[in-house]
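This is the structure, below, for whatever I ask next.
The values are calculated or read from the model by the stated rules, or taken from the named source; none is laboratory data. Every value quoted in this text rests on a predicted model; they were computed, and no experiment measured them. So basically every Cβ, Gly included, is an ideal-geometry build from the backbone, and we count neighbours across all protein chains shown.
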Amino acid sequence: MFALSLGVTSALAVGQDTLHTTFVANSLYQPTHVVTVTAGGGMHALMHKVSDEGKALAGLNKSIGAGGQVQAMYTYFFHKYVGVTGGFGFEVYTGNMNGSFVDSVYHTDKENMPLSRWLYRDFQAFKEREQLYMFTIPVGVTGRINITDPIQIRATVGFGMNAIVASHYRADGNMQATAYYPAYNLHLDADLPQHGLSDYYLHGYQGKIQNTFPVNMFVFGDIGMHYQFTKRWGLYAGIYVSYTCFNAVRQYADAAGNLPELIDYNWKTNQWTYSGIINSKFVEALNPLSVGVKVGFTITYLSPAHCNCEDI
């Protein structure tokens, strides 16, 4: 008789549960499998750390970049309120450098020392836009609490690895090259193109960011509202933040210990080569940071024997 009474009580407890997902009595809770697919965007900045040489360039400015992300995540809720999460995603980050500034470098002609000179590069209306494309593998812990029958607050925190799969930059602006020869106390204006002294234009100059680390670590978090409108399907909307913990670039020096110039001049060919801000000595670190909003849908799987919900 006691056993029959206990069975009836348990059945009533299950029958009174009206939530669409896994909100049965704790003693009857069954693990839940949730797949979440989201897309979002917002501030996806590269967060340049300018070197001492870059700080000396009065007029070179940074501005916030935008970007986006898509993610596919799997969460195993082993407890009514807590689960573990893992998945993969793709993100785009943008950096912007602009302004008007003058850069100088001492060029030595080892074969003919009197021709050694100071080169001055006067950049006007300069603008460079950089983009990084990352594949991400995040893992973390997810918590959830009920607000009403179909609505929850869900939050996830964790860390992961991001791999830079592509990168490039585009530069625009004007550059005027002049020179000073200390041996002769001689100033030359930008009217000697045969010596690399002229007006140059960077209209749409494009290149690849060469000095990024291929794999980096990041920390992330997101929080949002989840609405379960059937046993299986739900909607999610929230905000997210992600920060790459370690420097994503490395500076390459030549045998003499010189770091790359923003624009390099070849004595033999009298040609200028533009390298890009991030590739140059003006940037010593890069820590991508993203803050944005995302929306998506969820698919929830329960054990059919314990679901206690209507059919899909």
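Please indicate, with yes or no, whether at least one residue in the range 68-78 is out of contact with any Lys or Arg (no Cβ under 6 Å at 6 or more places or on another chain) and closer than 22 Å to residue 246 by Cβ.
yes
Could you list all residues from the range 205-225 that are among the aliphatic types (A, V, I, L, M), farther than 15 Å from residue 167 by Cβ and within 17 Å of the chain's Cα centre (by Cα)?
Within the range 205-225, 217, 219 qualify.
On to the next question. Would you confirm whether or not the range 111-128 contains a residue that is farther than 30 Å from residue 31 by Cβ, touching a Lys or Arg at 6+ places or on another chain (Cβ under 8 Å) and at pLDDT below 95?
yes
Check every one of the strands (runs of 3 or more DSSP E) wholly within the range 178-259 and list those with 3 or more residues that are more than 23 Å from residue 292 (Cα to Cα).
Hits in the range 178-259: 186-188, 199-201, 205-207.
Test each condition in (1) free of Cβ contacts under 8 Å to residues at least 24 places away in the same chain; (2) more than 30 Å from residue 85 (Cβ to Cβ); (3) exposed (fewer than 12 other Cβ atoms within 10 Å of the Cβ) for residue 182 and report the one that comes out false.
(1)
Take the residues of the range 127-168 that are assigned to a strand (DSSP E or B) and more than 24 Å from the chain's Cα centre (by Cα): which is surrounded by the fewest Cβ atoms within 10 Å (Cβ to Cβ)?
145
Within the range 226-247, identify whether any single residue is without any contact (Cβ under 8 Å) to a residue 40 or more places away in the chain, over 20 Å from the mean Cα position of the chain (by Cα) and surrounded by fewer than 19 Cβ atoms within 10 Å (Cβ to Cβ), and answer yes or no.
No; the residues of the range 226-247 include none that is without any contact (Cβ under 8 Å) to a residue 40 or more places away in the chain, over 20 Å from the mean Cα position of the chain (by Cα) and surrounded by fewer than 19 Cβ atoms within 10 Å (Cβ to Cβ).
Return a yes/no flag: does the range 92-108 have any residue that is surrounded by fewer than 17 Cβ atoms within 10 Å (Cβ to Cβ), polar (S, T, N, Q) and in contact with a strand residue (DSSP E or B) (Cβ under 8 Å, 6 or more places away or on another chain).
yes
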